[in-house]
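Presented below is the structure to which this report refers.
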Amino acid sequence: MINYENLYESNKAYLDELEQAAKRVVRSGWYILGKEVEVFEEQFANFIGAKHCIGVGNGLDALSISLQALKLPSKSEVIVTSNSYIATILAILAADLKPIFVEPDLLTFNIDTSLIAEKITPNTSAICVTHLFGKSCRMDEVTKLAREYNLKIIEDCAQSHGAKFKDQMTGTFGNAGCFSFYPTKNLGALGDAGAIVTNDDQLADIARCIRNYGSVKKYENTMVGVNSRLDPIQAAFLRVKLRYINDITMHKRGLAQLYFENLPDWLILPRQKDDEFDVFHIFAVRSGARDDLREWLLTNGVNTEIHYPIPPHKQLALRNRIHEDSFPLSEEHSNTQISLPISPGTTREEALKICDILHRAPSCLKVAV
């Protein structure tokens, strides 16, 4: 069986270093924030090319704290893509803001920047872009709109560690870049973890305060905060994996190139552009017979995933929270998208085998979108 994801295999090459990092933290006697977190924050900020990095508990908290730190007007509107993972929308709602959906470009899965302007109103305060599946949004167009309408930019970089647009890292275009280090990410911890990156000194100070109960000095709370601090043991693990992030990226890009060169032409493949450096957290293709194709792949020994089977506006949690109910492109995304194995543990031989299996698919599964 070819696994979609096997976290042991993905981390096997670093086991000795990870175990030594865990031992170092255990023996240090320091288990909340401290030097381990500070060193990772400095190293990750340097990797991204940002002035500040604030380690937090997870990617959702990175988004929520960033939105809170920006002090956007209550009930104001935040533009967001209609096919993002629900965490992006949950963060907007948690900050007492109103998500306004814009449909995606189905060749990139990212927000269609040509549709943003028509959704901007006098009540719009920010644009929250999601660099979905490891591909950067067209940030030149997003930043132009933000300048024109005086809007803040929040980047959801949960899947785009190391991705670039025109040689600039995702997370550095807006006011805040929000990262998840969930174990399956390209830079994955061994548990939940996240971070905010920013070049804004004031935003960084506020975010550090919010993540620690709204406190800078012990027992003095200057604002309403939360408990969302990056664990030192996860910071230590991330310091190990950060040393190998470029190797992980090049492995995944190599697998993606095999897919581009060898997958059958009846599948819709993601768009590639010279000025977009994709890191392929997910390799998403589209098929008009997605569910049957997925079942057929499973019977032939290939595990796949769907990202995501239910679009946000169809989620029960968002009922009465979203003021439009028709997002056909988001629904088409959910109904046709299938993710092929592309983890650090996936081998080139497995990727080529998947391509061969798909070439042998019966005609009834070769359905155009």
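The values are calculated or read from the model by the stated rules, or taken from the named source; none is laboratory data. These figures come from a predicted structure and were not determined experimentally. Here the Cβ is made from the backbone with ideal geometry for all residues, glycine too, and neighbour counts use every protein chain on show.
Residues in the range 69-122 that are in a helix (DSSP H, G or I) and among the basic types (Lys, Arg): LYS119 alone. Filtering TYR219, TYR213 for residues that are more than 30 Å from ALA146 (Cα to Cα), touching a Gly at 6+ places or on another chain (Cβ under 8 Å), free of Cβ contacts under 8 Å to residues at least 40 places away in the same chain and not polar (S, T, N, Q) leaves a single hit, TYR213. Can you tell me which residue in the range 78-111 is farthest from GLU141 (Cα to Cα), limited to those that are touching a Pro at 6+ places or on another chain (Cβ under 7 Å) and without any contact (Cβ under 8 Å) to a residue 40 or more places away in the chain? Result: ILE92. In the range 244-262 there is at least one residue that is in contact with a Gly (Cβ under 8 Å, 6 or more places away or on another chain) and surrounded by fewer than 17 Cβ atoms within 10 Å (Cβ to Cβ). The number of residues in the range 6-41 that are part of a loop (DSSP other than H, G, I, E, B) and among the hydrophobic types (A, V, I, L, M, F, W, C) comes to 3.
For every residue, the table says whether it meets (1) in contact with a helix residue (DSSP H, G or I) (Cβ under 8 Å, 6 or more places away or on another chain); (2) free of Cβ contacts under 8 Å to residues at least 24 places away in the same chain; (3) outside the structural domain of GLY188 (by TED's automatic domain parsing).
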site	(1), (2), (3)
VAL39	yes, no, no
ASN58	no, no, no
ILE65	yes, no, no
SER76	no, no, no
PRO122	no, yes, no
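Just one of the listed residues (ALA87, ALA50, ALA62, ALA45) is more than 23 Å from GLN315 (Cβ to Cβ), in contact with a Gly (Cβ under 8 Å, 6 or more places away or on another chain) and crowded, with 18+ Cβ neighbours inside 10 Å, namely ALA50.
Residue-level check: of (1) of a type outside the set (Asp, Glu); (2) under 30 Å from GLN20 (Cβ atoms); (3) free of Cβ contacts under 8 Å to residues at least 60 places away in the same chain, ALA193 misses just (3). In the range 191-238, the residue that is nearest to TYR8 (Cα to Cα) out of those that are within 20 Å of the chain's Cα centre (by Cα) and small (Gly, Ala, Ser) is GLY191.
Matching residues to (1) at pLDDT below 95; (2) crowded, with 19+ Cβ neighbours inside 10 Å; (3) more than 21 Å from the chain's Cα centre (by Cα); (4) within 20 Å of ARG360 (Cα to Cα):
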| site | (1), (2), (3), (4) |
| --- | --- |
| ASP275 | no, no, no, no |
| LEU293 | no, yes, yes, yes |
| SER326 | yes, no, yes, no |
| GLU331 | no, no, no, no |
| ILE338 | no, yes, no, yes |
